[in-house]
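The values are calculated or read from the model by the stated rules, or taken from the named source; none is laboratory data. Computed from a predicted model, the values in this text were never measured in an experiment. Glycine also receives a Cβ, built like all others from the backbone with ideal geometry; neighbour counts cover every protein chain displayed. We work out accessible area using only protein heavy atoms, side chains counted, and drop any ligands, DNA or RNA first. Shrake-Rupley method; radii C 1.70, N 1.55, O 1.52, S 1.80 Å.
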Amino acid sequence: MSASSCRILLSGFGGQGILFAGKFIATLGLALEREVSWLPSYGPEMRGGTANCSVILDTKRIGSPIVTTPDILVCMNLPSLDKFEPDIERNGLLFYDSSLVNRKPRREDIGAHGIPATQIANNRQMPTLANVIVLGKLLRETNLCDETTAATVMMTIVPERKKTLLEANLAALTIGFHYEDTA
């Protein structure tokens, strides 16, 4: 991953907020004045089916929106880790929900961050925000932006019909931003 270019693949089950997380990163890229590509992909069922999202941030024009070898991979479930771990760029980063992924990554040439995001979210009575906790950790580890910029983007991306969830989203982002790896 270079400072000028970043290819991110987010993956999980439908209903885990994969597309929202991708949209957040794309909106962040716009705030950082980058060229942005956001390409969602999901199975026939929105909830419970597979979902993934490709996001590219670059200082140059983006030729293709498809991410086949991500610099950064987010896996919210084991099937996603099994499918996409082999594709991560050498020296890339992996962020995974260790509450739902019951194995360690197999690759030793990448940086891996397991976050028990679902467990943390459930313990904090915010069960739908595991994705935002992982986003917070990703932002801190990649230095894509500071916490204030992330919060500002979150305030713009939470839709009006869900404004009652804004404070919980901001809290989840903060939790992830300050989560320390334990292993």
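Each residue in the range 118-140 was checked for being open to solvent by less than 60 Å² (accessible area, probe 1.4 Å) and either more than 12 Å from Phe20 (Cβ to Cβ) or out of contact with any helix residue (DSSP H, G or I) (no Cβ under 9 Å at 6 or more places or on another chain) (or both), and 9 pass.
If you filter the range 141-151 down to residues that are without any contact (Cβ under 8 Å) to a residue 60 or more places away in the chain and in contact with a helix residue (DSSP H, G or I) (Cβ under 6 Å, 6 or more places away or on another chain), you find that the one that is nearest to Gly176 (Cα to Cα) is Glu147. Residue count for the range 1-42, restricted to those that are under 25 Å from Asn122 (Cβ atoms), open to solvent by less than 20 Å² (accessible area, probe 1.4 Å) and either without any contact (Cβ under 8 Å) to a residue 60 or more places away in the chain or part of a strand (DSSP E or B) (or both): 5. Restricting attention to the range 76-95, the residues being within 24 Å of Thr128 (Cα to Cα) and open to solvent by 40 Å² or more (accessible area, probe 1.4 Å) number 4.
Out of all the residues in the range 154-175, is one or more touching a helix residue (DSSP H, G or I) at 6+ places or on another chain (Cβ under 7 Å), part of a helix (DSSP H, G or I) and among the hydroxyl-bearing types (Ser, Thr, Tyr)? Talk me through it step by step, then tell me what you get.
First pass over the range 154-175, keeping only residues touching a helix residue (DSSP H, G or I) at 6+ places or on another chain (Cβ under 7 Å): 154-158, 166, 169-170, 172-175.
Subsequent filtering for residues that are part of a helix (DSSP H, G or I) retains 154-157, 166, 169-170, 172-175.
Subsequent filtering for residues that are among the hydroxyl-bearing types (Ser, Thr, Tyr) retains 156, 174.
Scanning the range 154-175 turns up at least one residue that is touching a helix residue (DSSP H, G or I) at 6+ places or on another chain (Cβ under 7 Å), part of a helix (DSSP H, G or I) and among the hydroxyl-bearing types (Ser, Thr, Tyr).
Please find, within the range 168-183, the residue that is farthest from Lys104 (Cα to Cα) out of those that are free of Cβ contacts under 8 Å to residues at least 60 places away in the same chain and loosely packed, with under 11 Cβ neighbours inside 10 Å. Residue satisfying both the conditions and the ranking: Glu180.
For the range 145-167, the tally of residues that are polar (S, T, N, Q) and exposed (fewer than 11 other Cβ atoms within 10 Å of the Cβ) stands at 2.
Residue under question is Glu33, and the condition is that it be of a type in the set (Asp, Glu) and on the phi > 0 side of the Ramachandran plot; does it hold? So Glu33 passes the test.
For the range 103-121, taking the residues that are in a loop (DSSP other than H, G, I, E, B) and touching a residue at least 12 places away in the same chain (Cβ under 8 Å), the one that is nearest to the chain's Cα centre (by Cα) is identified as Pro116. Summed over the range 137-183, residues that are small (Gly, Ala, Ser) and closer than 22 Å to Cys75 by Cβ total 4.
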